[in-house]
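One structure is given here, and the rest of the page talks about it.
The values are calculated or read from the model by the stated rules, or taken from the named source; none is laboratory data. As the structure is a prediction and not an experimental result, all values here were calculated from the model. FYI the Cβ positions are ideal-geometry reconstructions off the backbone, even for glycines, and counts take in every protein chain you see.
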Amino acid sequence: MARIVMKFGGTSMAGIERIRHVSNLVKREAEAGNQVAVVVSAMAGETDRLVQLCREAASLYDPREYDVVVASGEQVTSGLLAITLQGMGLNARSYMGWQLPIRATGHAAALIDHIEADVLEGVFEQGGIAVIPGFQGVTADGDLATLGRGGSDTSAVALAAAMKADRCDIYTDVEGVFTTDPRIVPKARKLRAVTYEEMLELASVGAKVLQTRSVGLAMRYNMPVQVLSSFEDRPGTLIVGDDAIEEMNMERQLVTGIAHDKNEARITLTGLPDRAGTVAAIFAPLAEANINVDMIVQSVPRAGKPSDLTFTVPTASLAHSVAALEKAKEEIGFQEMLTDLNVVKISAVGIGMRSNAGIAAQMFQTLAARGINILAITTSEIKVSVLIAEEYTELAVRVLHTAYGLDDTGEAA
Ligand code: ADP
Ligand code: ASP
Ligand code: MG
């Protein structure tokens, strides 16, 4: 007997037919003698629709009320799944975030503080199945809170940690984690396993198959996570620690995956004075406005000559960034501010980079051979990212996928 969390995403829950299919998957696990908690997302497209309604109601909506509206999609699917499971003769019941409770702080992108396991322990003692809406928690004031887009993954992993589950299965609309988004590159290959660290980097640079925070939590609690399809009955991808990967003795490429992120905007400040404190004067007002700066490139000034600085911010923060910098223009002393939304960040990730030089050089050469200009670069121990013009997104991902030997050749990964 194992204790498991099964999480089903929006496409898996889109309509009664799909919910019936999900019920069969849950039934199979329960009848195999497992203790099961199920976490569900809203039906595909529903959260987008609810977010849009909030925007139409008022462009500067109150985040507390936003949470009340957008959390409702998951309430519908959890109730419907419980009804369907009951209809199959199973002892299932839904438990809203406030009923467990799932304690959280903040609104719109709330953080989970703590989940109590007592209610679930009681359910399992009675041989029951708990169905829990993902994406939601309850604040200290008793208000609904939501966990940011894609947050049901985080609900699932947090719940798995709280109930000391043996594993957390994330069912989605693709068969696992691929070497890149399989909807962009048909030659993408399903990975049998990735490390927490690689998945954390991949998710944070745009592989939205898992919410980044869910991977961070899984890593912290050493929770085995499996990403698999609710449509096909095939093995998915295991997300595990470094040791487990080595034990699996897998033949690994130096690069594990490639991701892209269009959610970046570029800002360039020209004519910056060559003096101590210029860079600090630029980033202080941005930090104050709570804006996350990602990539940074500074042209090296020749003594006493002005220089340029380029950096990126999330697309949604561009307007606020421009306003904050305009306000500080005199103190910073820049000449011109240029902005560009038509950029994309392309990243290659792999633990193989730790021990192998040349991955970045290969990226630059591959892009140069296609005439793709690089606007900014960042690297970490296991990642290289470049900023390029958005129009080259698909081309860049495809040629890099081939260059790093990731294309599906029909053999197992
Ligand atoms: P769910 O509704 O099940 O949470 P999401 O849409 O959030 O599903 O995540 C699944 C999607 O993630 C896939 O349909 C795929 O297009 C996208 N994706 C991006 N990068 C990858 C990758 N490297 N491997 C698998 N899927 C990816
Ligand atoms: N329904 C929420 C969203 O679309 C949460 C999730 O599906 O993970 O962002
Ligand atoms: Mg998702």
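Things worth noting here:
- Flag for Gly206 being assigned to a loop (DSSP other than H, G, I, E, B), within 14 Å of the chain's Cα centre (by Cα) and more than 14 Å from ligand 2 (Cβ to nearest atom): yes
- When region 213-230 is filtered for residues that are within 12 Å of ligand 1 (Cβ to nearest atom) and free of Cβ contacts under 8 Å to residues at least 60 places away in the same chain, the ones remaining, listed by number, are Val227, Leu228, Ser229.
- Answer from Gly150, Gly137, Gly79 - the residue that is in contact (Cβ under 8 Å) with a residue 60 or more places away in the chain, of a type outside the set (Val, Ile, Thr) and within 16 Å of ligand 2 (Cβ to nearest atom): Gly150
- When Ile382 is tested against (1) crowded, with 19+ Cβ neighbours inside 10 Å; (2) modelled with pLDDT of 95 or more; (3) within 30 Å of Ala284 (Cα to Cα), just one condition goes unmet, and that condition is (2).
- Note on region 66-95: residues that are among the acidic types (Asp, Glu) and within 16 Å of ligand 3 (Cβ to nearest atom) total 1.
- Whichever residue in region 340-357 is part of a helix (DSSP H, G or I) and of a type outside the set (Lys, Arg) and, among such residues, is surrounded by the fewest Cβ atoms within 10 Å (Cβ to Cβ): Gly352
- Residue-level check: of (1) touching a residue at least 12 places away in the same chain (Cβ under 8 Å); (2) hydroxyl-bearing (Ser, Thr, Tyr); (3) closer than 30 Å to Asp242 by Cβ, Tyr392 misses just (3).
- Count of residues meeting criterion [assigned to a strand (DSSP E or B), free of Cβ contacts under 8 Å to residues at least 60 places away in the same chain and of a type outside the set (D, E, K, R)] in region 306-319: 4
- Looking only at region 125-154, and only at residues there that are closer than 27 Å to Ile351 by Cα and touching a Leu at 6+ places or on another chain (Cβ under 7 Å), the one that is surrounded by the most Cβ atoms within 10 Å (Cβ to Cβ): Asp153
- The numbered conditions (1) part of a helix (DSSP H, G or I); (2) at pLDDT 95 or above; (3) within 29 Å of Asp308 (Cα to Cα) are all true for Ala360 except (2).
- Some residue of region 146-156 being at pLDDT 95 or above, among the aliphatic types (A, V, I, L, M) and in a strand (DSSP E or B): no
- Filtering region 172-190 to residues that are more than 16 Å from ligand 3 (Cβ to nearest atom) and β-branched (Val, Ile, Thr) leaves Thr179, Thr180, Ile184, Val185.
- Leading residue by the ranking (nearest to ligand 1 (Cβ to nearest atom)) among those in region 159-203 that are within 15 Å of the chain's Cα centre (by Cα) and part of a helix (DSSP H, G or I): Leu202
- In summary, Gln335 fulfils each of the numbered conditions (1) touching a residue at least 60 places away in the same chain (Cβ under 8 Å); (2) surrounded by 14 or more Cβ atoms within 10 Å (Cβ to Cβ) with the single exception of condition (2).
- Cβ-Cβ distances below 7 Å connect the following pairs, each with a first residue in region 99-111 that is under 16 Å from Arg64 (Cβ atoms), a second residue that is among the β-branched types (Val, Ile, Thr) and part of a loop (DSSP other than H, G, I, E, B), and a separation of six or more residues or different chains: Ala104/Thr139; Thr105/Thr139.
- Extreme residue, surrounded by the most Cβ atoms within 10 Å (Cβ to Cβ), among residues of region 7-21 that are away from ligand 2 (no atom under 14 Å from the Cβ) and among the aliphatic types (A, V, I, L, M): Ile19
- Verdict on Val40 being more than 22 Å from the chain's Cα centre (by Cα), β-branched (Val, Ile, Thr) and surrounded by 15 or more Cβ atoms within 10 Å (Cβ to Cβ): no
- Residues that are of a type in the set (A, V, I, L, M, F, W, C) and surrounded by fewer than 21 Cβ atoms within 10 Å (Cβ to Cβ), drawn from region 194-227: Met219
- Taken together, the residues in region 1-43 that are assigned to a loop (DSSP other than H, G, I, E, B), under 22 Å from Thr154 (Cβ atoms) and within 16 Å of ligand 1 (Cβ to nearest atom) amount to 6.
- Per-region count, region 395-413, residues outside any loop (DSSP other than H, G, I, E, B), among the small types (Gly, Ala, Ser) and within 28 Å of Asp242 (Cβ to Cβ): 1
- Complete set of residues in region 385-402 that are among the charged types (D, E, K, R) and surrounded by fewer than 17 Cβ atoms within 10 Å (Cβ to Cβ): Glu390, Glu391, Glu394
- Matching option when the condition is within 29 Å of Arg18 (Cα to Cα) and in contact with a Lys or Arg (Cβ under 9 Å, 6 or more places away or on another chain), among Leu120, Leu90: Leu90
- Scanning region 23-34 for residues that are in contact with a Leu (Cβ under 9 Å, 6 or more places away or on another chain) and either polar (S, T, N, Q) or within 14 Å of ligand 2 (Cβ to nearest atom) (or both) yields one hit, Ser23.
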